[in-house]
Structure formats: structure tokens, C-alpha cells
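Trainee: Provided herewith is a single structure, encoded as C-alpha cells, for subsequent inquiry.
The values are calculated or read from the model by the stated rules, or taken from the named source; none is laboratory data. Treat the numbers as computed from the prediction; the structure is a model and nothing was measured. Counting neighbours? That spans all protein chains shown, and the Cβs are built from the backbone with ideal geometry, glycine included.
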Amino acid sequence: MHTILICIDHKWRDLAGYVYVKKLLEKEGYRVILVRNNFEEYYADVYNPQAVIMIHLYDKKVSDRAKRMKNRGIRIFLMPTEGIPTLKSIRAFSVGAFSDLSAVDLQFLWSDEMKKEMLSYNVIDASKIRVVGVPRFDFYKQPLVNILLTKDQLCEKYNLDSSLPIITWATNFTHASFFVKNKDFLKKDWKKYKLDKIYDPEQIPKRDYESREIIFSSIMRLINEIDNVNLIIKLHPSEDHLYYYDRIEKLNSQIKKRIKIITKEYIWDVLNSTDVLIKRSCTTGIEAWILKKPTIELKLNPDEWYFSEEHARGSDIVNTYDELKDKVLFYLKEGAIPDDIMRNREDFLRKWCYKTDGKSTKRFVSAMLDFLRKDGAVVAKQRKIIEKIKSLLIVFLMNITDYRLHDIKIYGLFKKVDKLGRIDKFFHNKDTGYWEKRLKNIYV
């Protein structure tokens, strides 16, 4: 039985979709092991996989790791979990213009637009590229859409009044906290990934911080003035969560009971119950479009940096608080999404998502298996026992402690967040088991 390793970076973005991949591969007779990102080489030493599915090779250490596995005969597949760089400034980075992709056997992409962008930088041969769509968007289509939480289920879980409409604010101020803390960490992190070639590590956190302050104040005012709605604040998994908890705690009890901060819930379960989504050029907007939900693009900060005109055209763009309130009330009164906005959404989805038909994961798996079958009986070279003693020890400790030792390294013994302000980023066995159970009856 051949083994395939799948790297999981952020469980709130990656895990569910890759458990579905695991389910599809197991049906084809493969053993599939989910492994935390950056542990893949240790697990490859122990389990000698036929292939490893990685997320990105932005860091030289990661690309070197991929090359070492490649040299042993292990096939390297690259499947990004973030593949719609609507900010033009980030596109070169996103397609690997600053990366070494020489170890990659197959590069999977979400769209032909990304393929065109990637080929313009000549970072990988066209024969190695497969466009499959957005696998995690399959959760908005049959058959996976059947497992999404209903509004009654979501409201019961979070003690919200299900008779009230739900406004969801999807946050994405991932750099704001670096304006006041961990500035040196951000500079080092961006330098490592060569993001300092694109963004100023001093200015971007400042502008992100300002936007967060303006938007937070505006939304709190909105909920104070509209008293017959629930507000869900769906926090981006990679930003400082404590900021929101501290600010909400200071509100009066009557407002606070209608507000729920949600971190440990997958976005599709929240969007499925959402009546109006408020966001800032965020991928959540694209997901809401697939569900035909009204979306409002926030441009309340005159110095806003995180704004994609192309993305924003699929939503109502608001520049002032009064415009925000007017649009929210319009949609709460069941106002229809304008035809021109609906056309803009369709154009965007066609350009950036290939096909939103619920079959992207199957296209991904099919292309992988087709490659591996044509590859024949290639078997990865096993390392000698003396060479893999360190890997055996690490894998044993990670397996027996369910990665708890890694948690201590990332979060410390008593801290709740990592240096990027993230809470509960990494998966454990219970998380994998949750999705195994939830996907159990899905016809594959």
C-alpha cells in the first residue's frame, strides 16, 4: 500500500478540505497521513511515502526540504490553500516568483489566471501545472453543502436569537497588531519570505491598525443603532484575536448579548446562516457570492491599503458610516442584489476560481493519481536507520503526545497565542476525527 503525506498549515483554513482529499485517496487504496506543516520530512523518513502534498515553498528552508525528499524519489505536489491574490502587489509572490520550485512534480492552481501569471515569471514548466479550481470551495456545493450547519444549529450553539437576522463581519487585519508590538518579528518574517520587496513593514501595520480602529468603531455604532440583529464577528485565523475580546468586553450587556466572536468555526458554517456579510476585499466575500449572499465592501479608511477594485465590484462599496448603515438596512429589508453586481461576481468567479461546481477536489485527486499511475513502480529510497534516528524520535514524540510538544514550542507553557496573535492554529487528532465523522456519509 502506497502512502501519501498531506501537510496541514492552518486547521481553520486547510484541515477540512484535506480530510476530504484523504477520504478520496483512501477509497483508491492509499494510506494517507496528515502531518503538521514543517514536519513532513521527518514523517517522510519514517513512512517513506510515494508523494507529499505541500502548501507552498516560499521559505528557502522549505524548498530545500522539498528538494531533499525529491532526491529520494518522493513526488512533490504543490496545492496552495490561498490562491486568489486580488491585490496586484502580491501576485508575483503568490505565484512563486521569489521561490525555488525546482522540486515540484505537479503545481496545482485555482485558475487559468494564476497559471498565466505563474508562466509570466518562468518559475515552472507549463507541463507541470494543473488547473483544478478551489478545492475548499467545494463545501458550498453538492454533496458537501449538505453538511453545513443550519441557522438554528448555529444560533443554538452560540446562544443567539434565531428569529433575528445575522450580520457577519469577517475581519482580516493580520498586520494591525504589529503596529504596537512584535515589530522586529514582522520585519524578520517578511524578510524571510521576501515580502519586504513588496510591502513596507512600517507603513502597512500602521494603515492596517487605523483601518481596524475605524471599522470596529463603525460596526459597533451600527449594532447600537440597529437593535434587531445579531452580529457575528468571524475572526481571521491569522490575526490578533485578543484585541476583539478586550474591546467587546467593555460594551454594555444588552449590546454584548447580540454579538458573538467566533474563531473555532469554519467559515462556510457561518456564511450559510448569514444574511449580510461585511468585509474588506476578503476571500470570505467570494465564498458568500457562491451562496448568493449580499456582501458589503468596507472602504471607510481614506488611507485603506487592503482594497482590490476587481474584488470590490462584486459587493456594494461603502466609504462612510451612513452608506454602510443604508446598505445594511436595505438588505435586511430583503433588498435584491443589483444585476450589475451579480454579473461582476460571475466574471470574477470564472476568472479566479475556474469552476465552482463542487468537483475541484476530485479534479485535484484525479490529476494526482493519473500522474502517479503513469509514474509506474517508482519507489522512494529509504534512508538507513542510523540516518533517520532523529526522525523516528521526533515522529514518535509527536504521535504519542498528539503534537503537544510542538504546541509548547509555539505557544509556550502558559501563553494562549503565538507571535502572530493566532489562537489554536494547529490541528490535533480530535480535529481530524471531527471532520472524519462529519464527512463519513458523504458520497465520494
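Trainee: Just checking, how many residues over the stretch 31-52 are part of a loop (DSSP other than H, G, I, E, B) and crowded, with 21+ Cβ neighbours inside 10 Å? Reasoning before the result, please.
Mentor: Kept after step one, since they are part of a loop (DSSP other than H, G, I, E, B), are these residues of the stretch 31-52: 37-39, 48-50.
Now narrow it down to the ones that are crowded, with 21+ Cβ neighbours inside 10 Å: 49.
Number of matching residues: 1.
Trainee: Which count do you get for residues in the stretch 287-312 that are among the hydroxyl-bearing types (Ser, Thr, Tyr) and closer than 18 Å to Asp340 by Cα?
Mentor: 2
Trainee: Looking only at the stretch 60-103, count every residue that is more than 18 Å from Tyr354 (Cα to Cα) and among the polar types (S, T, N, Q) and tell me the total.
Mentor: Of the residues in the stretch 60-103, the ones more than 18 Å from Tyr354 (Cα to Cα) are 60-77, 87-90, 92-93, 96-103.
So of that shortlist, the ones also among the polar types (S, T, N, Q) come out as 63, 71, 89, 99, 102.
Number satisfying all stated conditions: 5.
Trainee: While we're on this one: Determine if the stretch 353-364 includes at least one residue that is without any contact (Cβ under 8 Å) to a residue 24 or more places away in the chain and not acidic (Asp, Glu).
Mentor: Within the stretch 353-364, none of the residues are without any contact (Cβ under 8 Å) to a residue 24 or more places away in the chain and not acidic (Asp, Glu).
Trainee: Another question about this same structure. When you check Leu24 against the structure, is it at pLDDT 95 or above and touching a Gly at 6+ places or on another chain (Cβ under 8 Å), yes or no? Full working, then the answer.
Mentor: On the way: at pLDDT 95 or above: yes; touching a Gly at 6+ places or on another chain (Cβ under 8 Å): no.
The answer is no for Leu24.
Trainee: Find the residue count for the stretch 287-343, including only residues that are in a loop (DSSP other than H, G, I, E, B), of a type outside the set (Lys, Arg) and surrounded by 17 or more Cβ atoms within 10 Å (Cβ to Cβ).
Mentor: Start the filter on the stretch 287-343 by keeping residues that are in a loop (DSSP other than H, G, I, E, B), which leaves 291-294, 299-308, 313-315, 319-320, 333-338.
Now narrow it down to the ones that are of a type outside the set (Lys, Arg): 291, 294, 300-308, 314-315, 319-320, 334-338.
Checking which are surrounded by 17 or more Cβ atoms within 10 Å (Cβ to Cβ) leaves us with 294, 300-301, 304-308, 314-315, 337.
Adding up the residues that qualify gives 11.
Trainee: Could you check the stretch 58-155 for helices (runs of 4 or more DSSP H) lying wholly inside it with 2 or more residues that are exposed (fewer than 15 other Cβ atoms within 10 Å of the Cβ) and not aromatic (Phe, Trp, Tyr)?
Mentor: Numbers: elements: 60-71, 91-94, 112-120.
Hits in the stretch 58-155: 60-71, 112-120.
Trainee: Could you tell me which numbered condition Ile442 fails, if it satisfies all but one of (1) surrounded by fewer than 16 Cβ atoms within 10 Å (Cβ to Cβ); (2) modelled with pLDDT of 90 or more; (3) not small (Gly, Ala, Ser)?
Mentor: (2)
Trainee: Here are Thr284, Thr274: which of them is polar (S, T, N, Q), touching a residue at least 60 places away in the same chain (Cβ under 8 Å) and in a helix (DSSP H, G or I)? Lay out the reasoning, then the answer.
Mentor: Values: Thr274 fails: in a helix (DSSP H, G or I).
Among Thr284, Thr274, only Thr284 is polar (S, T, N, Q), touching a residue at least 60 places away in the same chain (Cβ under 8 Å) and in a helix (DSSP H, G or I).
Trainee: Further, regarding this structure: I'd like the full set of residues that are of a type in the set (A, V, I, L, M, F, W, C), within 24 Å of Ala92 (Cα to Cα) and crowded, with 16+ Cβ neighbours inside 10 Å, limited to the stretch 167-198.
Mentor: Let us first name the residues in the stretch 167-198 that are of a type in the set (A, V, I, L, M, F, W, C), namely 167, 169-170, 173, 176, 178-180, 185-186, 190, 195, 198.
With the extra rule that they be within 24 Å of Ala92 (Cα to Cα), the set shrinks to 173, 176, 178, 185-186, 190, 195, 198.
Across the stretch 167-198, the qualifying residues are Phe173, Ala176, Phe178, Leu186, Trp190, Leu195, Ile198.
Trainee: Considering only residues of the stretch 278-299 that are aliphatic (A, V, I, L, M) and out of contact with any Asp or Glu (no Cβ under 9 Å at 6 or more places or on another chain), which is nearest to Trp352 (Cα to Cα)?
Mentor: Initial filter on the stretch 278-299 (aliphatic (A, V, I, L, M)): 278, 286, 288, 290-291, 296, 298.
Of the ones still in play, those that are also out of contact with any Asp or Glu (no Cβ under 9 Å at 6 or more places or on another chain) are 286, 288, 290-291.
Numbers: Ile286: 10, Ala288: 15, Ile290: 13, Leu291: 17 Å.
Looking at residues that are aliphatic (A, V, I, L, M) and out of contact with any Asp or Glu (no Cβ under 9 Å at 6 or more places or on another chain), I get Ile286.
Trainee: Look through Glu239, Glu210 and report the one residue that is modelled with pLDDT of 90 or more and either among the acidic types (Asp, Glu) or more than 27 Å from Leu271 (Cα to Cα) (or both).
Mentor: Numbers: Glu239 fails: modelled with pLDDT of 90 or more.
It is Glu210.
Trainee: List the number of the failed condition for Lys11; all other conditions in (1) closer than 22 Å to Gly83 by Cα; (2) of a type outside the set (Asp, Glu); (3) surrounded by fewer than 22 Cβ atoms within 10 Å (Cβ to Cβ) hold.
Mentor: (3)
Trainee: Test each condition in (1) surrounded by 15 or more Cβ atoms within 10 Å (Cβ to Cβ); (2) assigned to a loop (DSSP other than H, G, I, E, B); (3) without any contact (Cβ under 8 Å) to a residue 60 or more places away in the chain for Asp227 and report the one that comes out false.
Mentor: Every condition holds for Asp227 apart from (1).
Trainee: Can you give me the number of residues within the stretch 89-141 that are under 22 Å from Arg72 (Cβ atoms) and among the basic types (Lys, Arg)?
Mentor: Of the residues in the stretch 89-141, 1 are under 22 Å from Arg72 (Cβ atoms) and among the basic types (Lys, Arg).
Trainee: Among Ile223, Ile198, Ile204, which is the only one that is over 24 Å from Phe98 (Cα atoms) and either under 21 Å from the mean Cα position of the chain (by Cα) or of a type outside the set (Gly, Ala, Ser) (or both)?
Mentor: The conditions single out Ile223.
Trainee: Is it the case that some residue within the stretch 110-122 is of a type in the set (S, T, N, Q), more than 30 Å from Arg350 (Cβ to Cβ) and more than 18 Å from the chain's Cα centre (by Cα)?
Mentor: Of all residues in the stretch 110-122, those of a type in the set (S, T, N, Q) come to 111, 120, 122.
Applying the additional criterion that residues be more than 30 Å from Arg350 (Cβ to Cβ) yields none.
Checked against the condition, which is being of a type in the set (S, T, N, Q), more than 30 Å from Arg350 (Cβ to Cβ) and more than 18 Å from the chain's Cα centre (by Cα), the stretch 110-122 yields no hits at all.
Trainee: Can I ask one more? Would you confirm whether any residue within the stretch 85-94 is in contact with a helix residue (DSSP H, G or I) (Cβ under 6 Å, 6 or more places away or on another chain) and either in contact (Cβ under 8 Å) with a residue 60 or more places away in the chain or closer than 29 Å to Lys440 by Cβ (or both)?
Mentor: First, pick out the residues of the stretch 85-94 that are in contact with a helix residue (DSSP H, G or I) (Cβ under 6 Å, 6 or more places away or on another chain): 85-86, 91.
Applying the additional criterion that residues be either in contact (Cβ under 8 Å) with a residue 60 or more places away in the chain or closer than 29 Å to Lys440 by Cβ (or both) yields 86.
Yes, the conditions are met somewhere in the stretch 85-94.
Trainee: Also: Output the number of the condition that Leu251 fails; it satisfies all remaining conditions of (1) touching a residue at least 60 places away in the same chain (Cβ under 8 Å); (2) farther than 30 Å from Val19 by Cα; (3) of a type in the set (A, V, I, L, M, F, W, C); (4) outside any helix (DSSP H, G or I).
Mentor: Unmet condition: (1).
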